[in-house]
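Comments concern the structure below.
The values are calculated or read from the model by the stated rules, or taken from the named source; none is laboratory data. In this text, all values refer to a predicted model and were calculated from it rather than measured experimentally. Virtual Cβ from ideal backbone geometry, glycine too; neighbours counted across all protein chains shown. Surface accessibility is based on the protein's heavy atoms, side chains included, excluding ligands, DNA and RNA. Shrake-Rupley method; radii C 1.70, N 1.55, O 1.52, S 1.80 Å.
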Amino acid sequence: MSIGIRPLHPDFIGEVSGIDISAPLTAEQVAAVEAGMDRYAVLVFRDQPLTDEQQCAFSRNFGELEATLISQMSKPSERRLGSVEMDDISNLDASGKLRGRDDKRRMYSLGNRLWHSDASFRAIGAGYSLLSARVVPSVGGNTEFADMRAAYDALDDATKGEIEDLVTEHSIAFSRAELGFDDYGEDNADKIRPVRHRLVRTHPVTGRKSLYLSAHIGGIVGWPVPEARAFIRDLTEHATQPRFTHAHQWRVNDLVMWDNRTTMHRARRYRDLQDVRDLRRTSIKGAGPTAEQLPVLAAE
Ligand code: OGA
Ligand code: MN
């Protein structure tokens with residue numbers, strides 16, 4: 001059985017066949033998936049029933065797993081899933097019941113409805129994220145992806161020149177404030193401090209440039225805040241035009257893997273007070289800070 005990849009969009013997103021990701025992979029298979037990620041930025045694997053352990057094992061082929069912010073901020077008794085490396089992207093509480101309308105964690109999770117790149121609020125943002133669907137709602141709840149390489153390529157030369165060396169500030173507090181959420185608890189002040197990233201990043205393998213945009217951006221270094229936010233809005237609007245995006249409609253046992261360095265994504269609405277949606281995510285630590293690509297700032 002050899003791996004095949006069928007494009008689902010002219011620029012990005014491939015559907016992978018010829019692989020069982022619940023079993024250990026050969027070095028050739030890992031290399032083929034990585035090459036697919038370099039080319040397509042998002043890969044869809046259908047009909048892959050996984051346990052949490054198998055999802056972690058598959059994910060570890062691509063690097064070290066990251067403990068997610070929300071699991072770091074919650075007590076073990078508040079977690080439904082055993083491992084802090086499994087991010088619970090569901091509408092269920094620790095006892096497996098649907099979360100209520102005013103549930104704090106539900107409100108925090110609504111931030112996923114804004115276009116973002118995972119963990120861009122960390123000094124080293126996430127590399128790949130891998131999301132596995134265990135239960136899906138009957139209506140809604142798609143995940144949309146946007147190709148930040150194609151969005152960069154489509155900018156005019158003057159804009160490319162203007163943004164080349166810009167550095168942005170990201171914090172989870174910025175994206176949550178957009179929705180009016182600010183309840184982090186006193187112990188978590190260190191986790192919401194802004195970090196800096198380059199706005200234009202270069203893929204380490206392909207050399208392609210992309211826009212590193214995210215709902216977590218609240219400023220541009222050296223710019224007045226309103227001007228920065230208005231500009232980031234313009235760029236986000238440009239980068240999420242339908243021609244750069246693709247909607248993934250979930251089926252049970254799908255695993256979708258995306259590169260946070262070159263794409264953004266967002267969750268779409270569903271009837272979360274009625275329908276169960278149980279998705280589970282693992283993320284791979286990014287390789288290094290984007291500010292390293294900018295010697296002047298790295299030396300600051
Ligand atoms: C995520 C995420 C979107 C969704 O898991 O990082 O943003 O559709 N999920 O649940
Ligand atoms: Mn996300």
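Scan the range 81-106 residue by residue and report those that are away from ligand 2 (no atom under 16 Å from the Cβ) and in contact with a Leu (Cβ under 8 Å, 6 or more places away or on another chain).
Leu92, Leu98, Arg99, Gly100, Arg101
Applying the selection to the range 219-266, what residues are among the hydrophobic types (A, V, I, L, M, F, W, C) and in a helix (DSSP H, G or I)?
Passing the criteria: Val225, Ala228, Ala230, Phe231, Ile232, Leu235, Ala239, Phe244.
Taking Thr282, is it among the hydroxyl-bearing types (Ser, Thr, Tyr) and either over 16 Å from the mean Cα position of the chain (by Cα) or assigned to a helix (DSSP H, G or I) (or both)?
No; evaluated as a whole, the condition is false for this residue.
Please state which one of Ile19, Ile3, Ile13 is open to solvent by less than 10 Å² (accessible area, probe 1.4 Å), of a type in the set (A, V, I, L, M, F, W, C) and touching a helix residue (DSSP H, G or I) at 6+ places or on another chain (Cβ under 7 Å).
On inspection, the qualifying residue turns out to be Ile13.
Considering only strands (runs of 3 or more DSSP E) fully contained in the range 113-202, which possess at least 3 residues that are out of contact with any Pro (no Cβ under 7 Å at 6 or more places or on another chain) and within 12 Å of ligand 1 (Cβ to nearest atom)? First the steps, then the outcome.
Values: elements: 126-135, 143-147, 167-170, 195-198, 200-202.
Answer list for the range 113-202: 126-135, 143-147.
For the range 89-135, enumerate the residues that are of a type in the set (Ser, Thr, Tyr), in contact with a strand residue (DSSP E or B) (Cβ under 8 Å, 6 or more places away or on another chain) and over 20 Å from Met257 (Cα atoms).
Matches in the range 89-135: none.
Taking into account only those residues within the range 267-286 that are modelled with pLDDT of 95 or more and under 13 Å from Ser129 (Cβ atoms), which is farthest from ligand 1 (Cβ to nearest atom)?
Per the stated criteria, the residue is Ile284.
Determine if the range 151-158 includes at least one residue that is over 28 Å from Pro10 (Cβ atoms), touching a residue at least 12 places away in the same chain (Cβ under 8 Å) and either touching a helix residue (DSSP H, G or I) at 6+ places or on another chain (Cβ under 9 Å) or open to solvent by 30 Å² or more (accessible area, probe 1.4 Å) (or both). Quick ask: steps written out before the conclusion?
Within the range 151-158, the subset over 28 Å from Pro10 (Cβ atoms) is none.
Scanning the range 151-158, I find no residue that is over 28 Å from Pro10 (Cβ atoms), touching a residue at least 12 places away in the same chain (Cβ under 8 Å) and either touching a helix residue (DSSP H, G or I) at 6+ places or on another chain (Cβ under 9 Å) or open to solvent by 30 Å² or more (accessible area, probe 1.4 Å) (or both), so the answer is no.
Any idea which of (1) within 17 Å of the chain's Cα centre (by Cα); (2) away from ligand 2 (no atom under 16 Å from the Cβ) is the one Ala126 doesn't satisfy?
Just one mismatch for Ala126, condition (2).
Quickly run through the range 216-242 and pick out the residues that are under 22 Å from Asp153 (Cα atoms) and exposed (fewer than 15 other Cβ atoms within 10 Å of the Cβ).
Ala230, Arg233, Asp234, Glu237, Gln241, Pro242, listed by residue number.
Any idea which of Pro204, Pro194, Pro137 is more than 15 Å from ligand 2 (Cβ to nearest atom), surrounded by fewer than 22 Cβ atoms within 10 Å (Cβ to Cβ) and under 30 Å from Arg251 (Cβ atoms)?
Being more than 15 Å from ligand 2 (Cβ to nearest atom), surrounded by fewer than 22 Cβ atoms within 10 Å (Cβ to Cβ) and under 30 Å from Arg251 (Cβ atoms) holds for just one of Pro204, Pro194, Pro137, which is Pro137.
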